[in-house]
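Student: The structure follows.
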Amino acid sequence: MKAIILVVGAWFLLAPAASADEQPVTLKNAPGRDAVEGNCGSCHSLDYIQTNSPFPSAALWDAEVKKMMNVFGAPIAPADAKTITDYLVKNYGS
């Protein structure tokens, strides 16, 4: 039992130090970046975009944006959804 407590305690002490070295994600500077950062970045890390690209097609990026809105309830305005999808396709698509 003491070993478990030590491991968990050590994790809580070391976890903040490990994340301190993270670099901020900088998306490509292009029209629509503000909409992506403001909408997508408010719920999750923007590194998902860079990690998933350049594999998604236009259809897949469109489906991802719609999933965020319809399944996860992201409060994205329809005009922003188009802007976000266009940005992702042009800058992080196949």
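Student: Might you check whether a residue that is at pLDDT 90 or above and assigned to a loop (DSSP other than H, G, I, E, B) occurs anywhere in region 5-22?
Tutor: no
Student: To continue, here is another question. Which ones in region 61-91 are assigned to a loop (DSSP other than H, G, I, E, B), buried (at least 18 other Cβ atoms within 10 Å of the Cβ) and more than 14 Å from the chain's Cα centre (by Cα)? Before the answer, list the steps.
Tutor: Residues of region 61-91 that are assigned to a loop (DSSP other than H, G, I, E, B), as a first pass: 71-77.
Now narrow it down to the ones that are buried (at least 18 other Cβ atoms within 10 Å of the Cβ): 74, 76.
Within region 61-91, just I76 meets the criteria.
Student: Considering only region 36-90, how many residues are at positive phi and of a type in the set (D, E)?
Tutor: The qualifying residues number 0.
The values are calculated or read from the model by the stated rules, or taken from the named source; none is laboratory data. Worth saying up front: this structure is predicted, and the values here are computed from it rather than measured. So basically every Cβ, Gly included, is an ideal-geometry build from the backbone, and we count neighbours across all protein chains shown.
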